[in-house]
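Scroll down for the structure; my scribbles are underneath it.
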Amino acid sequence: RDYAAARRFMENSDQVISELIDETIMPRSLAICEVGILQGTRAEEDSACLEALEYLERRREESPADPAVSAALGWAYALFGQKEEAIEAGERAYELLPIEVDAMAGHSNLVRLAKILAWVDEPYKAVKTIQKAMTFPGWISPATLRLDPEWDPIREDPRFLELLKIHGTTD
């Protein structure tokens, strides 16, 4: 949670921080935007957020059937508080490439959808989606749920706390 150091790192990174084997994308501007929001900046006030949103909307126009673009755009919309657009883009990413078709990318899409739901104040749906993701092998774990600040919006939700308790990460 050293956001100042994270922001410095990202500001000195390549334009696209990741286009990984699981087919996720994270433009540098979106990563910087997220760090700013975690520090308390409003998305509308952060030039990185505006840059990320514009970049991802252009990419969606170029590649409307790219699940990685839909997932990243859904995350950007969630950070902006655009609930309907965020959920629609996150669900679209998962529809385009579900876990049953691609275990790695589909899992990433499902987890991103859960995070989107958490950020747009849909804790029940977020926890249900986390539960589904945890039934498949992947990088989500009780430890990442406990530590990752992207789960902060639902951190105190009783369903989320129960999920952590079931998986042995709380008292």
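The values are calculated or read from the model by the stated rules, or taken from the named source; none is laboratory data. Keep in mind it's a predicted model, so treat the numbers as computed, not measured. Virtual Cβ from ideal backbone geometry, glycine too; neighbours counted across all protein chains shown. Only protein heavy atoms, including side chains, enter the accessible area calculation; ligands, DNA and RNA are left aside. Shrake-Rupley method; radii C 1.70, N 1.55, O 1.52, S 1.80 Å.
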Solvent-accessible surface ranking, highest first, for 55, 77 at 1.4 angstrom
55, 77
Efficiency of FRET from Cβ geometry, residue 1 and residue 135, R₀ 41 Å, rounded to 0.05
0.90
For residue 25, the residues 5 or more places away or on another chain with a placed amide H closer than 5 Å to its own amide H are 72
If you count only protein heavy atoms and use a 1.4 Å probe, how large is the accessible surface of residue 8, to the nearest 10 Å²?
140
Cβ-defined net charge surrounding residue 154, 13 Å radius [Lys, Arg +1; Asp, Glu -1]
-2
Calculate the tail of P(r) for region 52-101: the fraction of all Cα-Cα distances greater than 17 Å, expressed in %.
26
Can you pull the percent of Cα pairs in region 91-131 with separation above 13 Å?
46
Please compute the volume of the convex hull spanned by the alpha-carbon atoms of region 70-153 and report it per residue in Å³.
76
Please give the FRET efficiency for residue 162 paired with residue 11, using the beta carbon to beta carbon distance and R0 = 22 Å, rounded to the nearest 0.05.
0.05
Cross-link reach list, lysines versus residue 132, counting only Cα pairs under 18 Å and skipping chain neighbours closer than eight places:
115, 165
Compute the Kirkwood hydrodynamic radius of the chain, taking the inverse of the mean of 1/r over all pairs of distinct Cα atoms, and give it in Å to one decimal.
16.1
